[in-house]
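The values are calculated or read from the model by the stated rules, or taken from the named source; none is laboratory data. The shown structure was predicted, so the numbers you read here are calculated from the model rather than taken from an experiment. Reconstructed Cβ throughout: ideal geometry from the backbone, glycine too, with neighbour counts over all protein chains shown.
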């Protein structure tokens, strides 16, 4: 098992310099995610407009390269998507990293697929999904989500 | 002297490859590998001598009882406890401390009393006191650590008063490696009329323990960190304390007489051993103690001090590594962080090189808060580890740097 399949350059780079990092003023959907086992913490900010489109997404937090890169890539990907599309991406991502059969959903993960390598590391899957569970929670109304 | 080749051959779990690399097992503070002597003792007992203890009139019950009580005597001698009936078998350190909190604590502590713990405690020596404090209303005071990971003895002294009823302290920190001056702490506690409980989960596998010499009132440890089975551990307490303490759990084995009106309790230690105990676990622990005695804890302590010094030196040679916990008196635990990589990423990458370490908060979240760290990576050594394995750790950390630095 070559760990470079997991720690690809894009992931290391996004982990080191996450995009959309910081508080989002004017956010109308906010949720906190926490992985008590690792100590990973993040707060996700979304601005969803009246048409249900995610206009902006930012996050704050601390954690390993996988969780930071996943949040970074996710915030890039969901911008401009509808809330429904973002939820479909969450489901696709979940299938991807849990190594379950990928259901046919009308949305593409694109660049995010680079995190697929995490499925070979069961103890690290939660690092990759924390941001997505937090997104799901934010779209459902906010609050705290824990991936323990 | 430590005969490494012979010792390593005694541990079948060590001789394997993971991810195509020789296993370098440096997660001993979490749980230690088992020598063949322990594995065989457990298998032999199940295969030949197994029955329930203390209540059979038949041959196997007698053999099982003899082996179980023989293990208790081995534990007594291992701790140099005055009496065999002061040795209570429990599931582990966690249950031992919960037993003291629920039995002695509920019976003896009142609102206004104080229990003093330290900033370096494992959750197992924090939460049982919190649970009891919620019910009784006593206060928990926390003695701070110094920046090198030593206990701040002056601050501890300042916390003690006539309100202090118990000082509950770890013998050796599972994160920092710090070995606390227990004799001194016990004397300070006793001078204020308080008792002292020692969490020995980490210490018993690294240094000789003599509870009479330490002078403490309660000592708790787990079998699985001492190369024995999981699910078995020990609470030692002074006889007069155990006599005065009410039972912790009710059931079979712990009674003298039962009627629907009232029951009376069995003598020590059975008052605290309700239900069928972990018979074979205790026997396995006895075998582990025999094995450790065969090497000798004084020899183990000396060898590990040398190994720790070497590992500290080579770890410090890796750019961007910072060792957490540099107290003058340390056991063989090396917690560290790297400037380029998070502990969980370090853990995964080391595993790919065959090196097993722990990454996380190590069940010591308040200590992590004090250190200002969300997590550390931790390499913890046993007497079967070698300098070459410390070198393998360092080589693997260079691979981490190749990816992240």
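Listed values, structure above:
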{"item": "Unmet criterion (only one of (1) over 23 Å from the mean Cα position of the chain (by Cα); (2) farther than 30 Å from residue B:130 by Cβ; (3) in contact (Cβ under 8 Å) with a residue 24 or more places away in the chain) for residue B:373", "result": "(2)"}
{"item": "Cβ pairs under 6 Å, 6+ apart, first in segment A:33-44 and under 10 Å from residue A:71 (Cβ atoms), second part of a loop (DSSP other than H, G, I, E, B) and at pLDDT 85 or above", "result": "A:40/A:63"}
{"item": "Qualifying residue in segment A:55-64 (condition: within 14 Å of another protein chain (Cβ to nearest Cβ), outside any strand (DSSP E or B) and in contact with a helix residue (DSSP H, G or I) (Cβ under 9 Å, 6 or more places away or on another chain))", "result": "yes"}
{"item": "Residue selected from segment A:37-54 under the condition part of a loop (DSSP other than H, G, I, E, B) and either under 19 Å from residue B:339 (Cα atoms) or touching a strand residue (DSSP E or B) at 6+ places or on another chain (Cβ under 6 Å) (or both), by the criterion nearest to the other protein chains (Cβ to nearest Cβ)", "result": "A:39"}
{"item": "Test: residue in segment B:379-399 that is in contact (Cβ under 8 Å) with a residue 60 or more places away in the chain and facing another protein chain (nearest Cβ under 10 Å)", "result": "no"}
{"item": "Enumeration of residues in segment A:1-28 that are at the interface with chain B (Cβ under 8 Å from one of its Cβ atoms), assigned to a loop (DSSP other than H, G, I, E, B) and over 17 Å from the mean Cα position of the chain (by Cα)", "result": "A:1, A:2"}
{"item": "Criterion: over 20 Å from residue A:59 (Cα atoms) and more than 14 Å from the chain's Cα centre (by Cα) - qualifying residue of A:117, A:80", "result": "A:117"}
{"item": "From the options A:123, A:67, residue that is in a helix (DSSP H, G or I), free of Cβ contacts under 8 Å to residues at least 24 places away in the same chain and within 13 Å of chain B (Cβ to nearest Cβ)", "result": "A:123"}
{"item": "Among (1) buried (at least 18 other Cβ atoms within 10 Å of the Cβ); (2) assigned by TED's automatic domain parsing to the domain that holds residue B:285; (3) farther than 20 Å from residue B:293 by Cβ - the single one residue B:14 does not satisfy", "result": "(2)"}
{"item": "Selection within segment B:347-370 - without any contact (Cβ under 8 Å) to a residue 60 or more places away in the chain, more than 9 Å from every other protein chain (Cβ to nearest Cβ) and surrounded by 19 or more Cβ atoms within 10 Å (Cβ to Cβ)", "result": "B:350"}
{"item": "Of the criteria (1) surrounded by 21 or more Cβ atoms within 10 Å (Cβ to Cβ); (2) under 19 Å from residue B:199 (Cβ atoms); (3) in contact with a helix residue (DSSP H, G or I) (Cβ under 7 Å, 6 or more places away or on another chain), which one residue B:96 fails", "result": "(3)"}
